[in-house]
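The values are calculated or read from the model by the stated rules, or taken from the named source; none is laboratory data. The structure presented is a predicted model; accordingly, all values stated were derived computationally and were not measured. Backbone-built Cβ (ideal geometry, glycine too); neighbour counts: all protein chains shown.
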Amino acid sequence: MNDQPGWRARFVRGVYATHNDSRAVRRALTGVLSEPAGGRRLNVGSGATRLGHDVVNLDRRATSSTHVVGDALALPFAAGTFHAVVSQETVEHVLDPFRAAREMARVMSKNGVLYLQLPFVIGYHPGPEDYWRFTRAGIVQLVLQAGLRVETLEQSVSGGTGGYRILVEFVAGFFAAAWSALYWPAKAAAAVVFYPLAGAHRGRRHRPAGSVPPGGRFVVPCPAPRRCGIPAHA
C-alpha cells in the first residue's frame, strides 16, 4: 500500500503544522508512553503516525501503519483495555468531541493515562471535515465530562505559532479573494517568509489572558483525584 504523503502534505507538516513535533509534545508523549513497560497503548486517529511498535494505531481509513479501522465515537475495544490512550489533533474532526473523549476514557484502564492534544489556532484542514477549536476552559470541560480530572494542561505549540498561523491564513485569504487558485501558493510563500515568528513566545507554559493565543494545547487527564497534580478548575 502506497500511502506516502505528497509534497504538499510534507511541506505543511514540516513548516506550518509542526504541532506534533514540538519539544513540549515530545516530552509529554515520552512520559505517557514509557510506563508501565508492557502496558497496552492506543493511538486514536493515528493517520500515518508511528509512536512505537507496541502502540495500536486506530484510524477511520486504512494505511500501511493502521492496525484497526474504526470510529473514535465508538471505539471497538472493551472497557479498560489500554493503559495509555493517545489522540493528537483528532477530535476537532469528529462531530461529537465530548463523546470521543468519553470513549477514550472508557477503554482506558483504571490506573491508565490519556494524552489528548487539541488545536486552538490553525487554519481549516478537512480530514474529512474540520469542526472544532478548543480553548483552555473548553479542554477542561471536555475532560471533566468524560469522568476524568486534569493532571497536566500545557501549550503544545506557542503563542508565536498561533500568531504565525493567523498571519499566514490572512495573507493566503487576501490573495485568494482576488483569485481562488492563489490560496495555496500564497499560503506556502507566507509560511516560509513568516516562519521565524513561530518560534516567538517559546518557553512559557502559561500566559496571561489577552496575550497571543497558542496554536494548541495538550492535556493529560487522570481517573483518580489522588493522581492529579492540579485542581480540575485550573
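A few remarks follow.
- The one condition in (1) under 15 Å from G127 (Cα atoms); (2) part of a strand (DSSP E or B) that A62 fails to fulfil: (2)
- If you go through segment 92-112 and keep only what is in contact with a strand residue (DSSP E or B) (Cβ under 9 Å, 6 or more places away or on another chain) and under 15 Å from L142 (Cβ atoms), you end up with E92, V94, P97, R99, A100, A101, E103, M104, A105, M108.
- So T18, is it among the polar types (S, T, N, Q) and modelled with pLDDT of 85 or more: no
- Sole residue being touching a residue at least 12 places away in the same chain (Cβ under 8 Å) and buried (at least 20 other Cβ atoms within 10 Å of the Cβ), chosen from L95, L73, L116: L116
- Residue within segment 78-86 that is touching a helix residue (DSSP H, G or I) at 6+ places or on another chain (Cβ under 9 Å) and under 23 Å from W132 (Cα atoms) present: yes
- Residue in segment 45-63 that is at pLDDT below 85, over 19 Å from P128 (Cβ atoms), buried (at least 16 other Cβ atoms within 10 Å of the Cβ) and out of contact with any Cys (no Cβ under 6 Å at 6 or more places or on another chain) present: no
- Pairs, first touching a residue at least 40 places away in the same chain (Cβ under 8 Å) in segment 185-198, second assigned to a loop (DSSP other than H, G, I, E, B) and among the β-branched types (V, I, T), C-beta under 8 Å, six or more apart: A198/T18
- Boolean, A137 is within 24 Å of S87 (Cβ to Cβ), of a type in the set (A, V, I, L, M), at pLDDT 90 or above and part of a helix (DSSP H, G or I): yes
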